[in-house]
């Protein structure tokens, strides 16, 4: 097998492999592979930061979505406002009953922290994708974009009956897990070499 470099093609550096048996050529673009890996890594880091920032803001009341002095450490509930304001969908009453419950607060906040930290580090992307998709599904049901009207009869002002940012985040989490996007700019390779991860590939 002969290897030839082609410098006249762009973008990136290209290699062509010629087999002696039948003379066929297989072209591999290392530059394209690097661009794809870095693009996925960027998507992974940005998505992970969305979850991690939500945890930090709700915990410490950084003055963005959560006002200063209204953080979790100040005694405020991170779920009471959102779940208590649900005004449409088949789980409206259930979400109202969960709003402010200790178990709901802890499950929500640990989910944000775990998903955000794992996705940013590039480890445990498959469990993070499952947990993140479940969380996004529940939040999608809570907002229920399919409703044209809220339970009090006012217009919901939904911009799309199905696709909203919760669906996008879930698909992104699944995509970065399926493509192994933790290897670039992350600890994915080191994580995959751990004995427990080698024996249980669902932890990757």
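FYI, it's all coordinate maths here, none of it is from the lab. It should be emphasised that the depicted structure is a prediction, and the values quoted were computed from it without experimental measurement. All Cβ positions, glycine included, derive from the backbone under ideal geometry; neighbour counts span all protein chains shown.
Helix 125-143 against the longest principal axis of the chain: what's the angle in degrees, Cα atoms only, rounded to the nearest 10?
Value to nearest ten degrees: 40.
With the crude spin-label approximation of a point 7 Å out along Cα→Cβ, what separation in nm comes out for residue 97 versus residue 137?
With each label point 7 Å from Cα toward Cβ, the separation is 2.0 nm.
Once you have a ≥ b ≥ c as the square roots of the Cα gyration tensor eigenvalues for the range 40-203, tell me rounded if a/c is under 1.5, and otherwise prolate or oblate according to whether a/b is larger than b/c. Display every interim value, and only then the final one.
On the way: a/c = 2.18, a/b = 1.59, b/c = 1.37.
The shape class here is prolate.
Order of 174, 168 from fewest to most other C-beta atoms within 10 Å? Walk me through the numbers before you get to the answer.
Values: 174 16, 168 12.
Starting with the residue having the fewest Cβ neighbours, the order is 168, 174.
Under a 10 Å cutoff between Cα atoms, tell me which one of 154, 66, 133 has the largest fluctuation in the Gaussian network model of the chain.
154
Compute the length gained on full extension between residue 202 and residue 68: take 0.36 nm times their separation in residues and subtract their Cα-Cα distance, giving the result in nm to one decimal. Display every interim value, and only then the final one.
Numbers: separation 134, 0.36 × 134 = 48.24 nm, distance 3.94 nm.
44.3 nm is the gain from fully extending residue 202 to residue 68.
Report, to the nearest 10°, how far helix 165-178 tilts away from the longest principal axis of the Cα atoms in the chain, using its own Cα long axis and a range of 0 to 90°.
Compared with the principal axis, the helix lies near 30 degrees.
Stretched out fully, how many nm does the piece from residue 185 to residue 163 gain, at 0.36 nm a residue minus the Cα gap? Present the calculation step by step, with values, prior to reporting the outcome.
Working: separation 22, 0.36 × 22 = 7.92 nm, distance 2.96 nm.
5.0 nm is the gain from fully extending residue 185 to residue 163.
In percent, what relative contact order does the range 106-204 have, based on Cα pairs under 8 Å that are 6 or more apart in sequence? Before the final figure, lay out the partial values.
Details: 110 pairs, mean separation 35.3, N = 99.
Value for the range 106-204: 36 percent.
Arrange 173, 52 by Cβ neighbour counts within 10 Å, fewest through most, would you? The partial results should precede the final answer.
On the way: 173 26, 52 19.
Lowest to highest Cβ neighbour count: 52, 173.
Which of 150, 194, 125 has the fewest other C-beta atoms within 10 Å, and how do the rest follow up to the most? Spell out each step's value before the answer.
Working: 150 17, 194 13, 125 30.
Going from least to most buried by this count: 194, 150, 125.
Can you give the relative contact order of the chain as a percent, counting alpha carbon pairs under 8 Å and 6+ residues apart? Could you put the intermediate results ahead of the total?
Values: 305 pairs, mean separation 39.0, N = 204.
Relative contact order, the chain: 19 percent.
Quote to one decimal, in nm, the extra length available between residue 194 and residue 106 on full extension: 0.36 nm per residue of separation minus the C-alpha distance between them. Intermediate values should be presented prior to the final figure.
Values: separation 88, 0.36 × 88 = 31.68 nm, distance 2.88 nm.
Fully extending the segment from residue 194 to residue 106 adds 28.8 nm.
Round to the nearest 10 and give me the degree value, 0 to 90, for the angle of helix 30-60's Cα axis relative to the longest principal axis of the chain.
20 degrees
Helix-only estimate, please: 222 nm mean residue ellipticity of the chain, summing -39500 (n - 2.57) across DSSP H runs of length 4 or more and dividing by its residues, to the nearest 500. Don't jump to the answer; show the numbers that get you there.
Working: 8 runs with 106 residues, N = 204.
Per the formula, -16500 deg cm²/dmol.
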